[in-house]
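Presented below is the structure to which this report refers.
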Amino acid sequence: MRKQKWSPYDKFMVVADQSNGKISGTFTSYQEYKEVLEALQSISDTNGPEFKYKGNIYNKPITSDKARGILEQLDNAYYHKELFAVSKRIKINLVDHG
């Protein structure tokens, strides 16, 4: 199947596989991964040193430009280690769901 036709879950599974065990390939991790994507989108859309996620304000762990680049990589099913900087900031664990 061509990559353009992959579902978001398919892309997640490829990213999880590329992470060499750093991201669990479980459905629970997928749900939490989607939350990290929401936070990344908020970071990419926000100028300044802070971003808003689920009613809370956080200091950005990465720049808006970096967040846009990570989102693009993930949409193309490529793992990016800086996912964890964002997941830690919003207290999401992508690993321990085996």
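The values are calculated or read from the model by the stated rules, or taken from the named source; none is laboratory data. Only a predicted model underlies this, so the values are computations on that prediction, with no experimental measurement involved. Here Cβ is always computed from backbone atoms with ideal geometry, including for glycine, and neighbour counts include all displayed protein chains.
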For this session: Could you tell me which numbered condition residue 95 fails, if it satisfies all but one of (1) modelled with pLDDT under 95; (2) part of a helix (DSSP H, G or I)?
Result: (2)
Exercise. Of the residues that sit in the stretch 59-92 and are among the acidic types (Asp, Glu) and assigned to a helix (DSSP H, G or I), which one is surrounded by the fewest Cβ atoms within 10 Å (Cβ to Cβ)?
Worked result: 65
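Among the listed residues 34, 52, 60, identify the single one that is under 12 Å from the mean Cα position of the chain (by Cα), among the basic types (Lys, Arg) and at pLDDT 95 or above.
After ruling out the rest, the residue left standing is 34.
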Problem set entry | Positions within the stretch 1-58 being hydroxyl-bearing (Ser, Thr, Tyr), surrounded by 11 or more Cβ atoms within 10 Å (Cβ to Cβ) and not in a helix (DSSP H, G or I), in sequence order | 19, 24, 26, 46, 53, 58
